[in-house]
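The values are calculated or read from the model by the stated rules, or taken from the named source; none is laboratory data. Just so it is clear, the model here is predicted, and its values are computed rather than measured. Please note: Cβ atoms are built from the backbone with ideal geometry, for glycine as well, and neighbour counts cover all protein chains shown. Just the protein is used for accessible areas: all its heavy atoms, side chains included, with ligands, DNA and RNA removed. Shrake-Rupley method; radii C 1.70, N 1.55, O 1.52, S 1.80 Å.
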Amino acid sequence: MISQTRSPQDARIKWSADDYSNFGRVTQVLSHSYDQLPLFETASLVALLDDYPRSHLQAFTMGTDPTRRDDWHSVDIGPNTTGRDIWKAVARGRLWLNLISIETHYSEYAELVASLYRHLDQHCPHLGGPIPNFSTLLISSPGAQVYYHLDAPANMLWHLRGQKRIWIYPAMDLRFVPQQYLEDIYTYEHDEFLPYRPEFDRYAEQLLLTPGKAAAWPRNAPHRIENVDMNVSLTTSYRSPQQLRRDRVQFANRYLLRPLGIAPRPMDETGLVSEIKQFSYRAINKIRPFKRRSNPHSKYITYLRLDPEAPNGIRKLDQAIPASFRVLEEN
């Protein structure tokens, strides 16, 4: 049973009863004060970059057109690159850093995220017992963007520094995510990026985040992001027993119904037919596990290396190499 005693998060998160009740159900901009923690001061972040395992420090660069997904490229970080070098390159370039699984490397971040979700569990019983799953600290350049994409887990973003625009599109709507992409993202057979058309923006909710704001949205809502200036954010995802229904429906659609040519495939998560489909997937997968296709987009071969002295924070290599974080995909 969740303790009813006050936690440090009661001072960091001050939401209304409606905010808690609507969390995860609608798109929200919420207030917090995590941006005031010493963990997120410049000196702390530079020291973190200096020490962070390179296998878990992803770097990417991109173009300016949100329709040109092919302009997204991985960037190698050389073994002798310091935290200050990285910070300088991000400040002057067009880079997006993902410090992935930060909770597995530093206890202070692990406790921060764990206590945050203990607080949400206490105040949002409809979440069904959220358990923190995966956290990433984002440090990104002025003007940097992340292309239109969908995350399989339930997640949200805690904004800490700078200004960031986010477009949130309707969740689980096949007008905005082809069903094959949705299923392949769930089964990790495709990366999170989706085909994007500018006319989608007519249906989007546009948010402007400033320090001390958080963005939350319904699970699997496609979104895209653009920085106004240099940004720092923490993205957190969670899982819960009740979320397993959607997972199993998507797995069953991918491995049972798609091979039969059924389209569109029903995505109902309750009801007799859905229960039979979920049970069939679990039973067959237990006897003879379904084999996933390899994701061809996860190899992270690059001809770019981070360079704080280059005009755009990166320089071109003479030949392509595996990016410094590629080892993570091979483990």
**Request:** Sort through 229, 268 and tell me the only one that's modelled with pLDDT of 95 or more and more than 24 Å from residue 194 (Cα to Cα).
**Result:** 229
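Yes/no per residue for (1) within 18 Å of residue 189 (Cβ to Cβ); (2) basic (Lys, Arg); (3) part of a helix (DSSP H, G or I):
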position	(1), (2), (3)
247	yes, no, yes
255	yes, no, yes
277	no, yes, yes
281	yes, no, yes
290	yes, no, no
302	no, no, no
309	no, no, no
321	no, no, no
**Message:** I need the full set of residues from the range 155-183 which are more than 30 Å from residue 89 (Cα to Cα) and surrounded by 22 or more Cβ atoms within 10 Å (Cβ to Cβ), in order please.
**Reply:** 169, 177, 182, 183
**Complete:** If we keep only residues of the range 8-58 that are part of a loop (DSSP other than H, G, I, E, B), free of Cβ contacts under 8 Å to residues at least 24 places away in the same chain and open to solvent by 60 Å² or more (accessible area, probe 1.4 Å), then the residue farthest from residue 116 (Cα to Cα) is 41
**Message:** For the range 256-269, give me the residue count where each residue is under 25 Å from the mean Cα position of the chain (by Cα) and of a type outside the set (A, V, I, L, M).
**Reply:** 2
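Would you check which residues across the range 121-135 are touching a residue at least 60 places away in the same chain (Cβ under 8 Å), more than 19 Å from the chain's Cα centre (by Cα) and open to solvent by 10 Å² or more (accessible area, probe 1.4 Å) and list them? Quick ask: steps written out before the conclusion?
From the range 121-135, those touching a residue at least 60 places away in the same chain (Cβ under 8 Å) are 121-124, 126-135; that's our starting set.
Of the ones still in play, those that are also more than 19 Å from the chain's Cα centre (by Cα) are 121-124, 126, 128-129.
Correct list: 121, 122, 123, 126, 128, 129.
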**Request:** Identify all residues within the range 60-80 that are touching a Ser or Thr at 6+ places or on another chain (Cβ under 7 Å) and not in a loop (DSSP other than H, G, I, E, B); write none if there are none.
**Result:** 60, 73, 74, 76
**Asked** Can you pull out the residues in the range 149-181 that are in contact (Cβ under 8 Å) with a residue 60 or more places away in the chain and more than 25 Å from residue 137 (Cα to Cα)?
**Response** 172, 174, 179, 180
**Fill in**
In the set 223, 190, the lone residue that is within 22 Å of residue 143 (Cβ to Cβ) and buried (at least 19 other Cβ atoms within 10 Å of the Cβ) is 223
**Given (1) over 24 Å from the mean Cα position of the chain (by Cα); (2) under 25 Å from residue 171 (Cβ atoms), index of the condition residue 247 fails** = (1)
**Request:** Go over the candidates 268, 307 one by one and state the one that is charged (D, E, K, R) and open to solvent by 60 Å² or more (accessible area, probe 1.4 Å).
**Result:** 268
**Request:** Tell me which of these residue 325 doesn't satisfy, since it passes every other one: (1) farther than 20 Å from residue 134 by Cβ; (2) open to solvent by less than 90 Å² (accessible area, probe 1.4 Å).
**Result:** (1)
**Item:** One residue from 138, 207 being crowded, with 21+ Cβ neighbours inside 10 Å and under 19 Å from the mean Cα position of the chain (by Cα)
**Value:** 138
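Hey, which of the strands (runs of 3 or more DSSP E) in the range 93-179, taking only ones fully inside, have at least 1 residues that are closer than 20 Å to residue 325 by Cα? If you could, list the steps in order and put the result at the bottom.
Working: elements: 95-100, 131-140, 145-149, 154-161, 164-168.
It comes to 95-100, 131-140, 145-149.
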